[in-house]
Amino acid sequence: MTTANPAANFSDDATYRPGKVRNRVLWTLQILLGLFFIIASGGPKLVMPNTLMDNAPENLTIPIGLLIFIGVVEVAGGIGLMVPRLSALAAAGLSVLTVLAAGTQAFIADKPAMGIFPLVLAAIFAWIAYERRATVGDLRNSLSR
């Protein structure tokens, strides 16, 4: 009788696919976080950037164009999370974005405790990107046809 190697499920093989339960958890997170970034995070930056800047702390002054760019990236990332072939790349991009947001909160806005939530999001996005890593190969193959 051979025993399956539990570490085999976490190989770096490009054909790795998460199991059924893990896949459902991933899709639930991807849809919820995608909607959050489209509706609650990126959307307001695109619809009412001036209002957001008026309510920002005084020591957090960023150009309005940068705020709109961040909103576009957040909306695109939220959409990408819900598109199967783009999910890994979108999650990786949002992970970087949320790490930068945590740094902004900690060092520019001088509110380090506010940086915890973006770091938690960054860890979740990094996990999603890792679990969905096979989709990068799928995307590459579909583009090279």
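Which helices (runs of 4 or more DSSP H) sit wholly inside region 40-145 and have at least 3 residues that are hydroxyl-bearing (Ser, Thr, Tyr)?
Where helices (runs of 4 or more DSSP H) fall fully within region 40-145 and carry at least 3 residues being hydroxyl-bearing (Ser, Thr, Tyr), they are 87-103.
For region 40-77, how many residues meet the condition of being over 14 Å from the mean Cα position of the chain (by Cα) and among the β-branched types (Val, Ile, Thr)?
So the answer is 6.
May I ask you to list pairs of residues, at least six apart or on different chains, whose Cβ atoms are under 6 Å apart, with the first in region 132-145 being in contact (Cβ under 8 Å) with a residue 12 or more places away in the chain and the second being in a helix (DSSP H, G or I) and among the polar types (S, T, N, Q)?
If the second residue must be in a helix (DSSP H, G or I) and among the polar types (S, T, N, Q), the pairs left are Arg132/Ser87; Thr135/Ser87.
Any residue in region 2-18 that is at pLDDT below 95, part of a helix (DSSP H, G or I) and under 14 Å from Arg133 (Cα atoms)?
yes
Find the residue count for region 74-96, including only residues that are free of Cβ contacts under 8 Å to residues at least 40 places away in the same chain and surrounded by fewer than 19 Cβ atoms within 10 Å (Cβ to Cβ).
Selection size over region 74-96: 3.
Taking region 57-70 as the search range and keeping residues that are in contact (Cβ under 8 Å) with a residue 12 or more places away in the chain and farther than 18 Å from Ser95 by Cβ, which one is surrounded by the fewest Cβ atoms within 10 Å (Cβ to Cβ)?
Asn59
Within region 97-114, take every residue that is among the β-branched types (Val, Ile, Thr) and closer than 18 Å to Phe69 by Cα and give me the one that is surrounded by the most Cβ atoms within 10 Å (Cβ to Cβ).
Thr98
The values are calculated or read from the model by the stated rules, or taken from the named source; none is laboratory data. Values in this document were obtained by computation on a predicted structure and should not be read as measured data. No Cβ is skipped: glycine too gets one built from the backbone with ideal geometry, and neighbour counts run over all protein chains shown.
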